[in-house]
Structures are given as C-alpha cells and as structure tokens.
Amino acid sequence: MPERAPPPWRSIALGAVFGGVAVGIRVVADTLLGGNVPFLPMFPALLLAAILGGYVGGSACLVVGGAGAALFLLPVSADTLAVHLGFWTAGALVVAVAAGMADSVRKLRLSEARLGEAQAQLRTLVGELAHRNRNALFVIMAIVRQSARNAASPAEAETVINARLEALLRAQDLVVQDEGGAPDLHRVVALALAPFDRERFDIAGPPFRISAEVAAGLALLFHELATNAVKYGALAAPQGRIAVRWSVEGDGARLDWVERGGPPLTPPSRQGFGARLFEVVLRPQGGKAERRFEPEGVVCELSIPAADADAPAVAPGTPYATTLSG
C-alpha cells in the first residue's frame, strides 16, 4: 500500500484499468461461468482499486465494471435490474469500507512516523538539557571556588558569588525566552549591564545572534567588566563613560569595550576571576577576548562567533570550568 493516495487523475486511471480487467476476465471466462455470476470478478477489482486509489479509484472501478457488465455480460432489463442494483449497492459498500480502512492504515503509519520523530527530538532535547546542566554546574562550581578564594571575608564572598550567579541566571533566562536558543547580542549586553548605570553606557551594534554557551559566558564577562569599572575604572569617576560597540565581520562579530574618563589605571598584580574569564569565555567556541590597560582606560576586544558558525567540539564545560577554577 502506498504511503498516500495517488492524485485523482491517477486514481481514476487505476480504477478504470482494474474495472476493465475485471470485465475482460469475466468475458473470457463466460464459457465456464455462464451468466449466473456476471459480477464475480468485480469485487476483488473493487477492493484493490479502493485500497490503492482511495474513494476515487474505487468509484472509477465501480463505474467501469458496472458499465462493462451491462454492455457485455448482462444487459439491463426489467428482469436484471435488481441484479444490477444489488451489484452497485454491494460495490459501493466494498469501496467505502476498503477505502476507509486504507486511509486508516495510512494515518496510523503517519502517526507512527511522527511519533518516532517526536521521540527522537525528545531524546535530543533531553541530551541537550543534560549537556547544558552539566555546563552550568561546572561554571557554578568554578564561580564559587574562585570567588571564595579571592574574597577577604565570608560576607564579601557571599556578595560576589551572588552577583556573579545572578548574571549567569539572567543569561540563562534570556536563552530560555528565545525559543531557538540563540539570543541577540544586544539583548545579552543590555541584560548583563542592567544592574549598573545604563546612562553611562553607549551601546550600539547590528543584530547578531549567538549561541547559548556564548551568551552565558558573555553575560559573566560583561558583569565582571562593569563591576571592575565601578571599583577601579570609568564608572568610578563621575565623568567616566563606557562604549560597547560591535560590527559583523563574516561569520562572527567584533566587539569593543572602551572605557574613558576614569582614574589612571595600572595592570593588576595578580590574576583574578576576570582575567581567567577572558582566557576561556570564547575560546571553546572558536572566538577570543583580549584586554588592555591603557592610560585612558580599559580596552577590550572580543571576537564573537555566530550561533550557526562552526565551532570545535568541546567536552561539556571542561575547558571553561577547569580554567576558571584553576
């Protein structure tokens, strides 16, 4: 049985062929069967025509078979009218039942195929969810370990850890809101910088979608940059400002974070969470991040891969979390 009923013209042709063959067989066998059972070969033909051609094919077979029988086997008369009516009635029932059963079988096959596809998609989604949960746990462990190690007191550690986890949570919420799992870069930047004085940021750039993993890492990175700017950089001075601008280049985007108007800066004497974050936030996906401490302020240059850009295969969370916690 075909997966779907053929087009109407093909069903009509199929039914006509089956009807004509049935009439031909009955004419050839006339010497053996006589005139007592003129419609005997018609019913198997009706059954096949309805199964293969649906209601249209079965109806065409019924018309051709009935007309052929009336012309060549049993002319219509007052004596044979009841026989012809009986054939048309029984034939119509055969067509209706066979075509209905064929449609039910096709629908059942289609439902089974769709169920198989849904199960495959569900397995993929469960695997992706497990992958993302594993990534998130690695990152959370790294944040807690690194923040607690560098904090001067338990209270400071709690404040820093909560702030970083909130930044990560905002990024995850953004990914969930985007059904495709590829949020726009502008939304990621705006959400990460929402807790800070947005009036002092100049944010501009074209639409550019990034992957969920990149979005989570960038949210942490922008939060860390803004926090450091409040403590030591442009946001520590009343006149300081920060420009966050990007442009699309090929399959990626180049983003510049430029601080101006803050106090004089000197490079830090030790490597903290932010420095480690710069090393790994984009590297597993094929991007990179660089930071410079210029006399006018901090300058960061990011090369961000697009959501559909080819990225090297990476074990779930391993390079990212391991480097952060090292």
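Read-outs throughout are calculated quantities, based only on the coordinates presented, and are distinct from any laboratory measurement. Predicted model only: the values in this text are computed from it and were never measured. Don't worry about glycine lacking a Cβ; one is built from the backbone with ideal geometry, like all the others, and counts go over all protein chains shown.
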> What spacing in nm lies between the two simple spin-label points modelled at Leu110 and Ala194, each 7 Å away from Cα in the Cβ direction?
Replying inline: 4.3 nm
> Label Phe72 and Val144 with points 7 Å out from Cα along Cα→Cβ: what is the distance between them in nm?
Replying inline: 8.6 nm
>> Show me, for the range 284-295, the HN-Hα J-couplings you get by feeding each phi into the Karplus relation (A = 6.51, B = -1.76, C = 1.60, θ = phi - 60°), rounded to Hz, glycine and proline as x.
In response: x, 9, x, x, 7, 9, 10, 10, 10, 9, 8, x
> What is the order of Ser59, Ser77, Ser303, fewest Cβ neighbours within 10 Å to most?
Replying inline: Ser77, Ser303, Ser59
>> Could you tell me the calculated FRET efficiency between Asp79 and Val28, based on Cβ-Cβ distance and R0 = 25 angstrom, to the nearest 0.05?
In response: 0.50
> Calculated FRET efficiency, Arg10 and His186, Cβ-Cβ r, R0 51 Å, to nearest 0.05?
Replying inline: 0.45
> Between Leu165 and Thr266, what length comes free when the chain is fully extended (0.36 nm per residue of separation minus the Cα-Cα distance, one decimal in nm)?
Replying inline: 33.6 nm
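Give me Asp197, Asp251 sorted ascending by neighbouring Cβ count inside 10 Å, so fewest comes first.
Working: Asp197 14, Asp251 11.
Lowest to highest Cβ neighbour count: Asp251, Asp197.
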> Given labels modelled 7 Å from the Cα in the Cβ direction, how far is it in nm from Thr89 to Ala237?
Replying inline: 10.2 nm
> Once fully extended, how much extra length lies between Glu294 and Arg123, figured as 0.36 nm per residue of separation less the alpha-carbon to alpha-carbon distance?
Replying inline: 56.6 nm
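Using Cβ counts within 10 Å as a stand-in for footprinting exposure, how do Thr80, Thr124, Thr159 rank, fewest first?
Numbers: Thr80 16, Thr124 10, Thr159 13.
Listed from fewest to most nearby Cβ atoms, that is Thr124, Thr159, Thr80.
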